[in-house]
Structures are given as structure tokens and as C-alpha cells.
Amino acid sequence: MGPELVELERALLAELDSRRFLRLLVESVSRLFRAVCGVWLVHDGDTLVEHITTAPRSFPADPMPFGEGVAGSCATARRGLLVNEYPASSLALSRYVRLHIRHSMAHPLLMGDELLGVLSMSRYGDDKAPFTAEEFASVERLAGFAALALRNARLYDEAVRRRGQAGVMAELGPENAPNACNDCHRDPSPAWAA
């Protein structure tokens with residue numbers, strides 16, 4: 001898995017568009033590790049919202065409070081969690097057991113002390129192999145790169161948004177620029193949160 005992982009890390013760091021970055025991340029991780037992959041982003045400080053997954057509409061899209069399930073517990077602990085034999089785990093949630101999740105792991109997306117989200121992976125079906133310690137370590141390393149790349153994408157999105165605002169203000173002229181600036185700040189949600 002070594003060369004494929006290095007190539008993926010390079011590709012992630014090179015991608016500045018947050019939507020393309022997240023799609024590249026989940027699709028590549030899913031393919032490399034033969035698992036369903038999702039990225040949960042922090043919302044309101046103590047809740048995770050699944051932002052993208054390789055299995056849309058297959059799993060409940062309900063927000064995940066910190067401390068609940070594998071992803072929420074990973075967010076609280078701020079460390080990776082490996083849960084093979086998910087149905088027997090104390091972290092198992094009935095809504096995922098009903099969907100035949102067999103094995104699960106999650107790693108936090110951390111930039112210093114800031115939790116950006118959680119990278120989660122699941123294998124479902126009784127015939128699926130458990131995650132190995134090597135896979136767990138590889139995804140942990142990848143989560144570090146992914147957090148850095150996600151931060152870069154967020155900064156790029158913000159720069160693009162501000163450049164657009166500056167262009168609008170320049171077109172309106174100095175006499176109308178203060179009103180345009182106020183209008184620009186009414187939508188506080190950055191592109192990566194869409």
C-alpha cells in the first residue's frame with residue numbers, strides 16, 4: 001500500500017478546491033481500503049455532520065453528537081478508533097447494526113488542537129475482512145495529511161470568496177462599497193460547508 005498512499009497524499013495536498021478535495025479523499029480511501037468512507041465535519045462545536053460519503057443515501061445522515069458511535073467517540077477522544085466486530089461493540093449504534101456494518105474505524109482530522117472533522121470507514125456484510133493494524137496506521141497517517149489539505153482548501157475557498165467581494169466593491173465604486181461589504185458578510189457559511 002506504500003506507493004499508492006504516497007501518491008494519494010501528494011494529490012490531496014495539491015487539491016485546493018474543497019469539494020474536489022473531499023471527493024478525491026473519500027473515493028481514493030474507499031478504493032485503497034475496500035471500505036465505505038465518509039468525512040464528518042464539526043458543526044456547532046460538539047456535533048459531527050457527514051459531509052460526503054462513498055455510499056450516499058445508504059446510511060442515516062443524522063448529525064452525530066460527540067461521544068456517540070465510532071465517529072463521535074473518535075471526535076471526543078481526538079484519537080483513532082478501530083472497532084472490528086462492530087455489532088458486538090459498546091460503540092455500535094443500532095441504526096448501523098441494522099445496515100450490517102461489520103467493521104469500522106475512524107480517525108480525527110486535527111490541525112494542532114483544532115478538530116476539523118473525522119474520517120470514517122466501514123466494511124459491511126458478514127464476509128468482509130476486519131481492518132488490520134497496518135490499515136489502521138495507514139489511515140491515521142493519511143488523516144494527518146487530509147487535515148492539512150482540508151485546512152489549505154478552506155483557506156483557498158475563503159481567499160476566492162474575498163477576491164469576489166473585492167471585485168464587487170471595486171465595480172460599485174467607493175461611494176457604494178460599504179453597503180456592498182455589509183451585504184457580502186450576511187452569508188457566513190464558507191463554500192466547504194455547503
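The values are calculated or read from the model by the stated rules, or taken from the named source; none is laboratory data. Only a predicted model underlies this, so the values are computations on that prediction, with no experimental measurement involved. Please note: Cβ atoms are built from the backbone with ideal geometry, for glycine as well, and neighbour counts cover all protein chains shown. Accessible surface areas use protein heavy atoms only, side chains included; no ligands, DNA or RNA. Shrake-Rupley method; radii C 1.70, N 1.55, O 1.52, S 1.80 Å.
Looking at the range 66-92, I want the residues that are under 15 Å from residue 128 (Cβ atoms) and without any contact (Cβ under 8 Å) to a residue 60 or more places away in the chain and have a partner that is in a loop (DSSP other than H, G, I, E, B) and open to solvent by less than 50 Å² (accessible area, probe 1.4 Å) with Cβ atoms under 7 Å, at least 6 apart or on another chain. Which pairs are those?
Sorted first by the residue in the range 66-92, then by its partner, the pairs are 82/131; 83/89; 83/91; 84/131; 86/92.
State yes or no: is residue 2 farther than 26 Å from residue 125 by Cα and of a type outside the set (A, V, I, L, M, F, W, C)?
Answer is yes for this residue.
How many of the residues in the range 13-30 are within 18 Å of residue 104 (Cβ to Cβ) and surrounded by fewer than 19 Cβ atoms within 10 Å (Cβ to Cβ)?
Matching residues across the range 13-30 total 1.
Has the range 139-156 got any residue that is of a type in the set (S, T, N, Q) and either modelled with pLDDT of 80 or more or in contact with a helix residue (DSSP H, G or I) (Cβ under 6 Å, 6 or more places away or on another chain) (or both)?
Among the residues of the range 139-156, not one is of a type in the set (S, T, N, Q) and either modelled with pLDDT of 80 or more or in contact with a helix residue (DSSP H, G or I) (Cβ under 6 Å, 6 or more places away or on another chain) (or both), which makes the answer no.
Working carefully through the options 24, 41, find the one that is touching a residue at least 60 places away in the same chain (Cβ under 8 Å) and either within 18 Å of residue 61 (Cα to Cα) or under 15 Å from the mean Cα position of the chain (by Cα) (or both).
Result of the check over 24, 41: 41.
Return the total of residues in the range 91-143 being assigned to a strand (DSSP E or B), within 22 Å of residue 34 (Cβ to Cβ) and open to solvent by 50 Å² or more (accessible area, probe 1.4 Å).
2
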